[in-house]
Amino acid sequence: MDLPITDPGPTRDPAHPPSFLCPHSDSELVRRLAQLLLPGLAAACVDSTTGDPFRSPGSVAVDLRRDLIDLHLLPLSQTFVPDTLSLLSTLPSDEPPDPDLPDLDSPSDILSYLLDQFASSRRTVLGRVSTWLLSDSREDKIDDFVQDLELTNFWKLDRRESVADAVLKNLDYKNKHHCNDSFCNKRDLDDHVRLCPFRPVECTSDGCKVRFCKMRQEKHDAACLYKVLDCEQGCGARVVRREMDRHCVTVCGRRMANCPFYQVGCQSAFPMCELDEHFDGNLGLHLLCVLKVAGKEEEEAKELAERMEKSEFRKRLAAALSVRSLTYLAKEVEPKLPPQPKKLEVELDKNTCQSDVNSDTEKLEVDLDKDRGQSNASPKLEKLEVVSEEDGRKSDTSPKTEKLEFVRDEDGRKSDASPKTEKLEADLDNATPKTEKLEVKLGKDNSHQSEKAGEDA
């Protein structure tokens, strides 16, 4: 009895050595295709059982899944693209193609078209009527059934990805989404797999679990929500892309903001990192704004703001970051400011107003009376500019101009008028004031009169 002959295996043809195909494809696209399969199956289950009281979508899910894979997707995906291209080539040039046909360069569109065809083929008459009349109710049932399938792990994602990968390789006739290289031996294939542009890689950003092919890495990095980037506004911080908008609006040091004194008059806008610099450079304006709001008059507020800005309390005032705090500090500092320097008041009569002009220019307030007597009337202040000369010539030692403010009574009698302080340029030789500059030349021969005027003062 002869021994049974063992199966020798397939006959190898030397002219056609076995080929080893690269298994890699665009893993990100494969995942998107796999996510379309479960809603497509749910739609077929709902449409096939609509109006049937004896069957539910879950009772037909197993059979429809088998038919979807073996009888519909895998066979049609192999022939759909060639058949469609052949059909389009037979159309007259002036006839447009069918608008319902999907884009042949988009595997996602083709798969959605095939899934809709499968659901339509399983739809009952009552299901077709309900689809037309109760489309919202149908969509709700499909969504509910998809959730039930996901909760029960009826069709796991990895198995759906296997089907989607096979469908993708059948539909990608331009080899844009999968590797079509083949090799004669396993060693060459292994070397290629390590360098294949379609090999799957994982995102290196913390928290991102997306897998994609190597050739799509730059595209993913440009949109990855977990990638750490430099602040878009240039503050120097490193921020996750998904948190960038919130960072730029809330905590970024370069975010634009209005001055805290915007409501009281400062209309400036600047980056938040320049807040201290703005406060230090615009202290006078801020003080003027809060003092006017506190009820000070314009001139009084300007004078007080200048005094505070030049005082020893400047740093404390510049550190105030709000209207309330600066107003409080201004009220606290105002009584502590040093008093303003007072004017020196000198009473001179008309005939002794010539004085020996010293080397410094100073302001004197002079009370004059036409009759050389003391006037009890309310004073009018007049300003004289006196230029001193020695020996009747202009002095080479930088003659000084003195402003003499003195009070005169126009008619030589007491005046009941209210005092008015005004600048008048008077002629000393005439009793009435004149509005012109008087240059009084003082010589050495009348120096004793100047000394007398100084003693009277």
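The values are calculated or read from the model by the stated rules, or taken from the named source; none is laboratory data. Note that the structure is a prediction, hence the values are computed from the model and not measured. Reconstructed Cβ throughout: ideal geometry from the backbone, glycine too, with neighbour counts over all protein chains shown.
The set of residues in the range 29-83 being closer than 24 Å to L104 by Cβ and of a type in the set (S, T, N, Q) consists of Q35, S77, Q78, T79.
When the residues of the range 238-256 are filtered to those that are loosely packed, with under 15 Cβ neighbours inside 10 Å and not in a helix (DSSP H, G or I), which remaining residue is modelled with the highest pLDDT? This residue is R238. State all residues of the range 37-77 that are in contact with a Ser or Thr (Cβ under 6 Å, 6 or more places away or on another chain) and either within 22 Å of D165 (Cβ to Cβ) or among the basic types (K, R) (or both); if no residue qualifies, say none. Result: R55, single match.
Looking only at the range 315-333, residues that are touching a residue at least 24 places away in the same chain (Cβ under 8 Å), in a helix (DSSP H, G or I) and surrounded by 14 or more Cβ atoms within 10 Å (Cβ to Cβ) come to 7 in all.
Condition test on K209, is it charged (D, E, K, R), without any contact (Cβ under 8 Å) to a residue 60 or more places away in the chain and assigned to a helix (DSSP H, G or I)? When the stated conditions are applied, K209 does not pass them. The residues of the range 89-115 that are free of Cβ contacts under 8 Å to residues at least 12 places away in the same chain and part of a helix (DSSP H, G or I), listed by number, are S89, T90, D109. Among the residues of the range 130-144, is any surrounded by 13 or more Cβ atoms within 10 Å (Cβ to Cβ), in a helix (DSSP H, G or I), among the small types (G, A, S) and touching a Gly at 6+ places or on another chain (Cβ under 9 Å)? Taking every residue of the range 130-144 in turn, at least one turns out to be surrounded by 13 or more Cβ atoms within 10 Å (Cβ to Cβ), in a helix (DSSP H, G or I), among the small types (G, A, S) and touching a Gly at 6+ places or on another chain (Cβ under 9 Å).
Once the range 269-283 is narrowed to residues that are exposed (fewer than 14 other Cβ atoms within 10 Å of the Cβ) and touching a Phe, Trp or Tyr at 6+ places or on another chain (Cβ under 9 Å), the residue that is nearest to C248 (Cα to Cα) is A269. When E299, E218, E312, E232 are checked against the criterion of being in a helix (DSSP H, G or I) and over 30 Å from C196 (Cβ atoms), a single residue qualifies: E299. For the range 145-175, which residues satisfy the criterion of being in a helix (DSSP H, G or I), free of Cβ contacts under 8 Å to residues at least 60 places away in the same chain and closer than 30 Å to L85 by Cβ? S162 - this is the single residue of the range 145-175 that is in a helix (DSSP H, G or I), free of Cβ contacts under 8 Å to residues at least 60 places away in the same chain and closer than 30 Å to L85 by Cβ. For C266, the requirement of being part of a loop (DSSP other than H, G, I, E, B) and within 30 Å of L195 (Cβ to Cβ) is not met. With respect to the conditions (1) under 29 Å from the mean Cα position of the chain (by Cα); (2) at pLDDT below 90, V210 falls short on a single one, namely (1). Considering every residue within the range 258-269, establish whether at least one is over 30 Å from A320 (Cβ atoms), under 21 Å from the mean Cα position of the chain (by Cα), outside the structural domain of V30 (by TED's automatic domain parsing) and without any contact (Cβ under 8 Å) to a residue 12 or more places away in the chain. No; the residues of the range 258-269 include none that is over 30 Å from A320 (Cβ atoms), under 21 Å from the mean Cα position of the chain (by Cα), outside the structural domain of V30 (by TED's automatic domain parsing) and without any contact (Cβ under 8 Å) to a residue 12 or more places away in the chain. Do we have any residue at all in the range 292-306 that's touching an Asp or Glu at 6+ places or on another chain (Cβ under 9 Å), modelled with pLDDT under 85 and crowded, with 18+ Cβ neighbours inside 10 Å? No, the range 292-306 contains no residue that is touching an Asp or Glu at 6+ places or on another chain (Cβ under 9 Å), modelled with pLDDT under 85 and crowded, with 18+ Cβ neighbours inside 10 Å. Only one of the numbered conditions (1) modelled with pLDDT of 90 or more; (2) over 44 Å from the mean Cα position of the chain (by Cα); (3) of a type outside the set (D, E) is violated by T90, and that is (1). Here is the figure for the range 226-251: residues that are touching a Lys or Arg at 6+ places or on another chain (Cβ under 6 Å) and β-branched (V, I, T) total 1. Among residues of the range 288-314 that are among the aromatic types (F, W, Y), those with a Cβ under 8 angstrom from a residue that is crowded, with 16+ Cβ neighbours inside 10 Å, sequence gap 6+ or separate chain, pair up as F313/L329; F313/V333. R159 fulfils the conditions (1) touching a Lys or Arg at 6+ places or on another chain (Cβ under 9 Å); (2) at pLDDT 90 or above except for a single criterion, (1). Among the residues of the range 17-54, those identified as part of a loop (DSSP other than H, G, I, E, B) and either closer than 27 Å to H177 by Cα or modelled with pLDDT under 50 (or both) are P17, P18, S19, C22, P23, H24, D26.
For the range 82-103, a residue qualifies if it is touching a helix residue (DSSP H, G or I) at 6+ places or on another chain (Cβ under 6 Å) and surrounded by 13 or more Cβ atoms within 10 Å (Cβ to Cβ), and exactly one does: P102.
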